[in-house]
Amino acid sequence: MPSLQEELLPSTPGKFKIDQRGHAVNRQFHRCFASTSTLFLWALFLVALTASYLSFQSFIDSGNRYFTASWGGIQWEKRVRDSAQVHRRPGGLSVLVTGAAGFVGTHVSLALKKRGDGVVGVDNFNNYYDPSLKKARKSLLQGHGVFVVEGDVNDARLLAKLFDVVAFTHVMHLAAQAGVRYAMENPQSYVHSNVAGLVTLLEACKSANPQPAVVWASSSSVYGLNEKSPFSEADRTDRPASLYAATKKAGEAITHTYNHIYGLSITGLRFFTVYGPWGRPDMAYFSFTRNILQGKPITIYRGKNRVDLARDFTYIDDIVKGCVGSLDTAGRSTGSGGRKAGPAPYRIFNLGNTSPVTVPTLVSILERHLKVKAKRNVVDMPGNGDVPFTHANITSARRQLGYKPTTDLQTGLKKFVKWYLSYYGYNNRNNVN
């Protein structure tokens, strides 16, 4: 590094007088200024180069997201259109089924497809329970020509795209965060799916042209602390016993608002304890079966004064008949492009079996079908949002939908056990622990 004195000396000695200090200082100033300007220009260049790199990287990332997205593109649109195509059924429906890889969603989608309706499914395949079961249901649907889009009902862009590709006549909204007890662990998931997701879907429906008729899954849980039996649609539902129930009650209020303001045809279905093949592993009958086969104890809750809990268990095939009947009888939405032209139907129905059975009786039936004795652990019901009993009055559904449940618990559980043993590989009794 040259010293300051060396920097002040000329490169050709003899042509500069050292005693002329003013000129030397002035020359140093210009040199420093020129050096600073050069550094500044280099800095600007480096900043520009960095910005260009980041912009290019952002472009690449965006492109990668586009090409790796689970939806979109010409081939994707073709699959959606093909799946939504009505076959062999004049006046058939074209239905968007949310939660299509779920328990009820799979069965409803299959029933619609088998009779010739067009069906497109949407499911986010979350991990609330084993996603492999949902993937297996998806494969089952694909084998019957139902395309299931992997996506979330909170994705407004996805929903808008689906309605742009297909003019759906109906929406069967079954996507939801289920389970009463899990709400105490993850309350946000219930608001995200059951409230925000519902609103996002209704926004897409009210903006569609033509507007579809909407049938959606409420729950018998909305009856909450109601002590009147059987539960009727006219009974009070303002005392929910769980956050899950509260979000379903909120859904009923929200759907009424969209019916009133935008002319959407709305039908809400209050399901009563649905069970059967391809069911949900978090349900009691499912987990009891698993634990009985594995030789593990099962926990059976009882209510106040040691009273057994009872549920209006409803077999999946009966629920499907109610869902399909609701779609077939749903009146038209009256809005267009988000504007209401006149009043539209707003309906709520109970879908149950009307024959409550106690939980210990359920266990006894499972023991007979499995040929294995359960290790029962009976405890008092904790304050986790469960209610002591449910019992459906189905007069309205019977009259307006032609709904008539035909499967008792004994028969339904026999079919479930047969599926369970096959699906989980219990091909003979030697495989049972």
Is there a residue being within 30 Å of Ser242 (Cα to Cα), modelled with pLDDT of 95 or more and in a loop (DSSP other than H, G, I, E, B) anywhere in the range 360-372?
-> no
Within the range 78-90, can one find any residue that is buried (at least 24 other Cβ atoms within 10 Å of the Cβ) and at pLDDT 95 or above?
-> no
Condition met for Gly325 (open to solvent by less than 20 Å² (accessible area, probe 1.4 Å) and part of a helix (DSSP H, G or I)) | yes
For Lys228, state whether it is touching a residue at least 12 places away in the same chain (Cβ under 8 Å), of a type outside the set (Gly, Ala, Ser) and open to solvent by 60 Å² or more (accessible area, probe 1.4 Å).
-> no
Going by the structure shown, is Gly279 in a loop (DSSP other than H, G, I, E, B) and either farther than 29 Å from Arg347 by Cβ or of a type in the set (Ser, Thr, Tyr) (or both)?
-> no
Criterion: of a type in the set (A, V, I, L, M, F, W, C), in contact with a His (Cβ under 7 Å, 6 or more places away or on another chain) and open to solvent by less than 10 Å² (accessible area, probe 1.4 Å) - qualifying residue of Val222, Val214 = Val214
Subset of the range 181-211 that is buried (at least 20 other Cβ atoms within 10 Å of the Cβ) and not aliphatic (A, V, I, L, M) - its residue that is nearest to Pro281 (Cα to Cα) = Tyr182
Close pairs (9 angstrom Cβ cut-off, 6 or more residues apart or separate chains): within 12 Å of Met172 (Cα to Cα) and touching a residue at least 24 places away in the same chain (Cβ under 8 Å) in the range 323-336, hydrophobic (A, V, I, L, M, F, W, C) and surrounded by fewer than 21 Cβ atoms within 10 Å (Cβ to Cβ) anywhere | Cys323/Ala111; Val324/Ala111
Take the residues in the range 127-139 that are open to solvent by 50 Å² or more (accessible area, probe 1.4 Å) and free of Cβ contacts under 8 Å to residues at least 60 places away in the same chain, then tell me which one is farthest from the chain's Cα centre (by Cα).
-> Ser139
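The values are calculated or read from the model by the stated rules, or taken from the named source; none is laboratory data. Just so it is clear, the model here is predicted, and its values are computed rather than measured. In this analysis, Cβ positions are derived from the backbone assuming ideal geometry, glycine residues included, and neighbour counts consider all displayed protein chains. Note: accessible area is taken over every heavy atom of the protein model, side chains too, but ligands, DNA and RNA are not part of it. Shrake-Rupley method; radii C 1.70, N 1.55, O 1.52, S 1.80 Å.
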